[in-house]
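The values are calculated or read from the model by the stated rules, or taken from the named source; none is laboratory data. What you are looking at is a predicted structure, and each value in this text was computed from that prediction instead of being measured. Glycine gets a Cβ as well: all are built from the backbone with ideal geometry, and neighbour counts include every protein chain shown.
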């Protein structure tokens, strides 16, 4: 991957996933990054290159200021970029459109994610703890909306996409019934089978252990003793802010 | 004649005499007897130096006496406020050849002296049928009162003698009626603060009286020798004496009379002016000058009076360099100098630059140096501006509009530039690179938006593309 490609992929990642993680809204996933893509992102200069990336970085700064008295969050470390790429690939593994008739792309991708996750240590410094928190604070709020459509001669399921309009036409005549369901982060891959679902949950739990502040929201136990006194204080404050409008606890420095 | 009073003496012969707590004999009145009027005047002159007559001679009564033999004498009766006061009068009387007595109304015995510290008493009372009897060690003389003398009239009838010019610069000017407007205009034009009154004097007719608070010395000499104007120096409240004269009696010792002004002339009787009404000089002068201004018209200054403004070489050096003109060829060097010391203001012209330094700062040591000759005028170092005028006069001569800095060049030309064109050197030196704003509007708008409540992050099933896992874990 050339540096220009890497910059473009990083922008896709930031705009499509990391910025929605910070602000909410629909995420837009691209082609899985894999190990090569993650490494290409990790070696880039961490500074923002355009306005969208500036928004993402500014959100990080505001959330960091809500946690502890700092003006700016630490710039994303290479491991943080790797984690972002892993999350992207993990979510893409839950994409029903990834399936292939001649193989198990979901399983292959989940294996890749698990292998790469194992190479990333938990945060070793307070800066890494805060940096990962402000980047991945939205992970527990990942959802997918599925729609099951039943009509007079059959039924269809649409996962993460809207059913086509033709399928919903003449609802009374064709006795069309829609059943919408909200799938949380843990169950995003349950549709792909039991093994894929377990592997997805395991990978998500491993990811949560690399971002300790979001682990409780995902139902994952973490050893907070390893965070140290200041880390535990940040952890506790992050939990206190988990249900609030994150970042609003501190005044906007630019207002 | 007289006998000395001794200590613890029980009774005194002269009526009116009594012994005080120290045993000194004295009466309630003091009488000072003079053989002639001139001795009386000398006594008054000496007494006036001691203070006001009200203090020195309380309840005074000045009279001319005549003896049964027809000889005349002058006497001053006064209250004996204290023995010590009587002693002072005796010493003054002795000084001018008079005799001091004490008594009540008719009989007066000589005041005590060193030979009789407890005073005198009469050996026997005189039976002379006179109004007053004076007992002296050498004579006993009775006098009748010939007439009562007015002390003030007596003093003011004296002719003053020549004296030196007073240190005080306050003056009273008595002018003939025809000279009043002239003197008024002269004083007003000269900025002399004065008051003016129109007075009617006996034997003299109408006069204009000026009361000047502080007359300049040149005017003092002018008015002292100006026919038709008499100059007086105030001496005490309500009295004034002719310029360069002195009165035998200090006039300030005379009793004051509110609203009365006495002018003692050099060669005539004193003038008493009752209740002069003074008005401020400016009030009169303004009216007169205004009338003249309405009828007059401004004329251009005649050419025969004006001198061309030129630069003349100066022999002594000056160090107050306030500006410099740097020709165009030396501008790169000027830039290096100003980068080292970026102070002052600069105006860049086609053929060079003017650098004006601030107050107390030296100018750049380049080009032609200038000093500040006027408020907005600079002249080259080594030259003086001729004719030498004040800075205000130079500005007026050049008709410089406000906010203009004019530089007289050594070749005789003048260059002017607006003060606003002189910009601070610091501002002129800084030239930043071209730059563009980095989309600040959109960024601000986004950053001002609150983050809001936590929202779901919706994962959608986007198309991963063809062969999405190709090269997945390739390093």
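Quick notes on this one:
- Taken together, the criteria place residue B:131 among residues that are surrounded by 13 or more Cβ atoms within 10 Å (Cβ to Cβ) and more than 18 Å from residue B:242 (Cα to Cα).
- Inter-residue pairs, beta-carbon under 6 Å, first at positive phi and in segment B:260-284, second surrounded by fewer than 18 Cβ atoms within 10 Å (Cβ to Cβ), 6+ apart: B:275/B:259
- Qualifying residues in segment A:141-168 (those that are in a loop (DSSP other than H, G, I, E, B) and farther than 26 Å from residue A:218 by Cα) - the one nearest to the other protein chains (Cβ to nearest Cβ): A:162
- Scanning segment A:198-207 for residues that are over 26 Å from residue A:80 (Cβ atoms) and more than 14 Å from the chain's Cα centre (by Cα) turns up at least one hit.
- A count restricted to segment A:15-26 and to residues that are within 7 Å of chain B (Cβ to nearest Cβ) and either within 20 Å of residue B:472 (Cβ to Cβ) or in a helix (DSSP H, G or I) (or both) stands at 3.
Per-residue answers, yes or no, for (1) modelled with pLDDT of 85 or more; (2) buried (at least 21 other Cβ atoms within 10 Å of the Cβ); (3) not in a strand (DSSP E or B):
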residue	(1), (2), (3)
B:197	yes, no, no
B:209	yes, yes, no
B:214	yes, no, yes
B:221	no, no, yes
B:227	yes, no, yes
B:231	yes, yes, no
B:237	no, no, yes
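- Pairs with Cβ under 8 Å, 6+ apart, first in segment A:74-97 and free of Cβ contacts under 8 Å to residues at least 40 places away in the same chain, second assigned to a helix (DSSP H, G or I): A:78/A:42
- Qualifying residue in segment A:176-184 (condition: crowded, with 16+ Cβ neighbours inside 10 Å, out of contact with any helix residue (DSSP H, G or I) (no Cβ under 6 Å at 6 or more places or on another chain), in contact (Cβ under 8 Å) with a residue 40 or more places away in the chain and not in a strand (DSSP E or B)): no
Here is a yes/no grid of residues against (1) crowded, with 16+ Cβ neighbours inside 10 Å; (2) assigned to a helix (DSSP H, G or I); (3) modelled with pLDDT under 85:
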position: A:35; (1), (2), (3): yes, yes, no
position: A:40; (1), (2), (3): yes, yes, no
position: A:65; (1), (2), (3): yes, yes, yes
position: A:73; (1), (2), (3): yes, no, no
position: A:87; (1), (2), (3): yes, yes, no
position: A:113; (1), (2), (3): yes, yes, no
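- Some residue of segment B:160-168 being loosely packed, with under 14 Cβ neighbours inside 10 Å and modelled with pLDDT of 85 or more: no
- Checking B:471, B:432, B:452, B:465 one by one, the residue that is within 11 Å of another protein chain (Cβ to nearest Cβ) and at pLDDT below 70 is B:452 and no other.
- Residues that are over 19 Å from residue B:41 (Cα atoms), touching a residue at least 12 places away in the same chain (Cβ under 8 Å) and part of a loop (DSSP other than H, G, I, E, B), drawn from segment B:77-113: B:80, B:81, B:104, B:105, B:106, B:111, B:112
- Candidates A:38, A:84 - the one that is closer than 23 Å to residue B:470 by Cβ and within 13 Å of chain B (Cβ to nearest Cβ): A:38
- Sub-6 Å Cβ pairs linking a first residue in segment B:31-42 that is assigned to a helix (DSSP H, G or I) to a second residue that is surrounded by 19 or more Cβ atoms within 10 Å (Cβ to Cβ), at least 6 apart or interchain, are B:37/B:74; B:39/B:98; B:40/B:34; B:40/B:74, ordered by first then second residue.
- Members of segment A:218-255 found to be surrounded by 18 or more Cβ atoms within 10 Å (Cβ to Cβ), modelled with pLDDT of 80 or more and within 22 Å of residue A:125 (Cα to Cα), listed by number: A:220, A:222, A:227, A:231, A:234, A:235, A:238
- No other residue among A:50, A:45 is over 15 Å from residue A:18 (Cα atoms) and surrounded by fewer than 20 Cβ atoms within 10 Å (Cβ to Cβ) apart from A:45.
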